[in-house]
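Q: Take this structure first; my questions come after.
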Amino acid sequence: MKYYLLLILFFSSFHLFPQKKVKSAVQDKLSPATTANIEGHIGEKLDASFNNRVLAQDAHRLIRPFTIHDEHSCWQSEFWGKWFTSAVLAYSYRPDQQLINKLKNAAYELMATQTPEGYIGNYASESRLKAWDIWGRKYVMLGLIAYYDVSKDRKALEAAAKEADFLIQELADKNALIVKMGNHRGMAASSVLEPVCQLYMRTGNERYLDFAEEIVRQWETPEGPQLISKASVPVGQRFAKPAENWYGWEQGQKAYEMMSCYEGLLELYRITGKESYKKAAEQTWQSITDTEINIAGSGAAMEAWFSGKKIQHVPIAHYQETCVTVTWIKFNQQLLRLTGESKYADAIEWAYYNALLGAMRPDGSDWAKYTPLSGQRLPGSEQCGMGLNCCNASGPRGLFTIPLTAVMSSNEGLNINFYMEGSYQTTSPQKNVITVKQHTDYPVSGNVNISLEMKTAENMTLALRIPSWSDESTVLINDQPVEKVTRGDYLKISRTWKEGDKIQIRLDMKGELHYTGQSPVNVAITRGPVVLTRDERLAGPKLEAVIAPIKDKNGFIHLTPQKNHNSDAWMVFSAKFLPEAYTEYNAEPVEVNLCDYASAGNTMGTYPFFKVWMPQLVDPRKTE
């Protein structure tokens with residue numbers, strides 16, 4: 001029966017473009033802004049990545065493997081699609097003639113490698129469908145669909161459709177289950193669900209919807225990853241640890257691939273409205289949040305979930321891969337768009353300011369593959385002879401999700417999700433153009449000033465995200481205070497908004513102490529959405545010294561901004577600590593400087609040591 005369905009999919013109608021208009025069963029709550037111009041620190045980081053990573057990439061080198069067809073095990077075929085989708089996001093943020101020319105050339109050069117059957121890939125015929133072949137085809141389709149969306153060039157959509165058609169044909173011809181293909185219980189291969197759903201929405205071809213549902217059906221078979229039925233199981237405990245090959249088919253905890261499948265499942269939920277799909281994604285998000293996400297906003301070791309949140313203070317192998325961070329951000333962006341819930345924006349912001357920016361080199365040209373919480377930020381190795389690795393290609397995909405989602409529109413009005421210096425243009429419920437201007441140095445301070453530019457006054461709702469960490473927040477509209485400002489939610493203000501209206505937001509930027517571990521207990525410090533970190537370049541005792549933060553009566557630590565003398569550090573604060581005293585008397589407090597996690601150990605030439613979690617003395621008087 002399972003193979004018969006694949007044959008039906010292949011021999012069904014070959015008409016590419018829809019005979020009927022496709023309409024989603026579920027509409028997103030939030031829609032991206034139409035334009036954005038971000039300034040300040042984040043604007044500088046976007047510009048650096050745009051110029052030194054996205055635009056600088058040799059696209060021809062990424063396409064060359066597609067002309068050879070001699071691969072049996074590696075993943076060269078992912079790099080073009082990762083870079084290309086990053087570049088489309090970058091172009092959407094900053095339309096640039098040089099970049100759109102580069103995109104067109106790269107799309108057409110890739111399409112020229114398509115075989116008469118429809119294959120775009122680099123695997124030898126006897127190895128197709130195996131290892132990373134379908135995964136690479138996924139990225140080909142994602143890139144071509146992204147080019148179609150930005151250019152409306154139907155040749156790109158046709159090429160993506162032919163790639164999908166050939167995949168369906170091959171699976172049918174070989175009586176192959178997609179969940180038995182490739183690695184990680186089929187999650188790598190079956191994450192092709194995302195572009196398959198995108199193809200259905202753009203073509204109306206029912207074959208793609210049928211194939212998408214068949215992929216999900218196979219997930220729930222004994223051979224599949226059971227991403228729906230195991231959604232309530234912690235992500236690090238869904239399957240036994242692989243007995244032999246950590247990166248082989250038996251690995252059911254692979255973080256990046258798992259989240260990629262849920263991204264596809266949310267696309268299918270939009271099409272079908274099946275609540276079980278959304279519920280599985282939401283349950284998995286909660287599991288990742290509860291058991292894996294560390295203080296820097298990401299996680300995973302050796303690229304797999306491992307119930308790591310509770311042991312994040314110890315040295316961990318290959319911790320916090322940038323591909324995992326990027327996909328976590330993208331997964332949250334999907335859920336934010338779909339539901340409009342502030343917790344997803346909180347998760348994005350935390351990962352963005354810490355794990356993601358911490359992986360990017362200061363000039364944007366390179367990305368660390370792993371970013372530990374203590375140690376060094378070391379460059380990753382080249383993969384597959386491609387001159388880069390997966391995280392170099394992925395990093396900008398996370399970075400450029402932010403500009404057009406900082407301010408979004410809804411049926412009720414506007415949502416301001418992220419506070420960043422700049423201007424954002426979007427449309428109101430009555431289709432009026434509105435420009436939102438943000439004047440802020442956030443998160444250096446918690447002060448945000450927002451003004452509206454709109455030709456026509458309109459009654460609508462402006463939703464301001466109040467972060468979950470901000471205990472005491474104040475909001476003023478035209479100098480009048482707003483009551484009932486609740487953290488961890490949107491403050492929704494419904495009124496007639498007009499040209500010149502001003503909003504002032506003051507967020508609580510106290511130094512907060514976090515504790516984890518036992519014997520010893522470890523302590524870390526955050527300020528707003530930013531993790532503060534010790535760095536061997538900064539003033540204070542050596543990193544090995546055991547020092548205890550001096551708390552105020554409410555349990556917070558006082559932080560004093562310091563003039564920054566290090567061009568690689570964005571923010572520097574000083575705080576008082578008590579060192580160990582080897583006498584009967586307490587030692588005198590010492591002043592210690594800390595910087596933002598993204599700057600810690602992050603230089604162009606050297607690799608300074610840094611530390612987030614600080615072990616505390618074990619005192620037998622205070623232990624059981």
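Every number here is computed from the coordinates shown, using simple stated rules; none is lab data. The shown structure was predicted, so the numbers you read here are calculated from the model rather than taken from an experiment. Neighbour counts are summed over all protein chains in view; Cβ atoms, including those assigned to glycine, are modelled from backbone coordinates with ideal geometry.
Q: How much length is gained on full extension from Lys542 to Asp58, taking 0.36 nm per residue of separation minus their Cα-Cα distance?
A: 170.0 nm
Q: What relative contact order, as a whole-number percentage, does the chain give when Cα pairs under 8 Å and 6 or more residues apart are counted?
A: Rounded, it is 13 percent for the chain.
Q: Moving on to the next point. Can you tell me the 0 to 90 degree angle between the C-alpha axis of helix 40-49 and the longest principal axis of the chain, rounded to 10?
A: Its long axis makes an angle of about 40 degrees.
Q: Taking H placed 1.01 Å from N in the peptide plane, check which residues at least 5 places from Ile466 or on another chain put their amide H under 5 Å from its amide H.
A: Gly488, Asp489, Tyr490, Leu491
Q: If one takes the longest principal axis of the Cα atoms in the chain, at what angle in degrees, from 0 to 90 and to the nearest 10, does the Cα axis of helix 2-11 lie?
A: So the helix axis and the longest Cα principal axis differ by about 70 degrees.
Q: Compute the normalised compactness of segment 511-622: alpha-carbon radius of gyration over 2.2 N^0.38 Å, N being the residue count.
A: Computed over Cα atoms of segment 511-622, the ratio equals 1.07.
Q: Another question about this same structure. Where a ≥ b ≥ c are the square roots of the eigenvalues of the C-alpha gyration tensor, would you call segment 17-101 rounded, which needs a/c under 1.5, or, failing that, prolate if a/b is larger than b/c, or oblate?
A: Oblate.
Q: Can you give the Kirkwood hydrodynamic radius for the chain, in Å, rounded to one decimal and based on Cα pairs?
A: Evaluated on the chain, it is 25.5 Å.
Q: Counting other C-beta atoms within 10 Å, and keeping those with at most 11, which DSSP coil trypsin sites (Lys or Arg not before Pro) do you find in segment 525-624?
A: Answer in residue order: Lys542, Lys553, Lys563.
Q: With the contact rule set at Cα under 8 Å and sequence spacing of 6 or more, what percent relative contact order holds for segment 511-622?
A: The value is 34 percent.
Q: Okay, next question. Once R0 is set to 22 Å, what does the formula 1/(1 + (r/R0)^6) return for the Cβ-Cβ distance between Thr474 and Asn554, expressed as a FRET efficiency to the nearest 0.05?
A: 0.75
Q: Further question: Would you mind getting me the FRET efficiency between Gln430 and Thr34? Use the beta-carbon distance for r and R0 = 22 Å, nearest 0.05.
A: 0.90
Q: Ranking Phe573, Phe609 by Cβ neighbours within 10 Å, fewest first, what do you get?
A: Arranged by neighbour count, lowest to highest, Phe573, Phe609 become Phe609, Phe573.
Q: For segment 418-435, just list the computed ³J(HN,Hα) in residue order, Karplus coefficients 6.51, -1.76 and 1.60, θ = phi - 60°, integers in Hz, with x standing in for Gly and Pro.
A: 10, 9, 9, 3, x, 10, 9, 10, 8, 10, 7, x, 8, 6, 7, 7, 10, 10
Q: Please list, in order along segment 194-205, the HN-Hα scalar couplings obtained from phi with the Karplus expression 6.51 cos²θ - 1.76 cosθ + 1.60 (θ = phi - 60°), rounded to whole Hz, x for Gly and Pro.
A: Result, rounded to whole Hz: 4, x, 4, 5, 4, 5, 4, 5, 9, 10, x, 6.
Q: If I take every Cα pair under 8 Å that is 6 or more residues apart in segment 408-506, average their sequence separation and divide by the length, what percent do I get for the relative contact order?
A: Relative contact order, segment 408-506: 27 percent.
Q: Please get the size of the charge dipole for the chain, origin at its Cα centre, with Cβ charges of +1 on Lys and Arg and -1 on Asp and Glu, quoted in debye to the nearest 20.
A: So the magnitude is around 920 debye.
Q: If each DSSP helix of 4+ residues adds -39,500 (n - 2.57) and the sum is divided by the residues in the chain, what number results at 222 nm, nearest 500 deg cm²/dmol?
A: Mean residue ellipticity, 222 nm, calculated: -10000 deg cm²/dmol.
Q: Choose one of Gln286, Ala359, Val326: the residue whose Cα lies farthest towards the positive end of the charge dipole of segment 237-362 (beta-carbon charges +1 Lys, Arg; -1 Asp, Glu; about the Cα centre).
A: Value computed over the given set: Gln286.
Q: In whole Å, what is the distance between the alpha-carbon centres of segment 540-578 and segment 301-317?
A: When both Cα centres are located, 26 Å separates them.
Q: Right, another one. Divide the volume of the convex hull of the Cα atoms of segment 408-506 by its number of residues and quote the answer in cubic angstrom per residue.
A: It comes to 86 Å³ per residue, whole-number rounded.
Q: Could you work out how far the C-alpha centroid of segment 383-450 sits from that of segment 165-215, in angstrom?
A: 32
Q: If each residue's Cβ is checked for other Cβ atoms within 10 Å, how do Met408, Met187 rank with the fewest at the top?
A: Met408, Met187
Q: Sort Trp246, Trp367, Trp305 so the one with the fewest other Cβ atoms within 10 Å of its own Cβ comes first.
A: So the ranking, lowest neighbour count to highest, is Trp246, Trp305, Trp367.
Q: If you take the charge dipole of segment 511-622 about its Cα centre, with +1 on Lys and Arg Cβ and -1 on Asp and Glu Cβ, which of Leu559, Ala587, Ile547 is farthest toward its positive end?
A: About the Cα centre, the residue reaching furthest to the positive side is Leu559.
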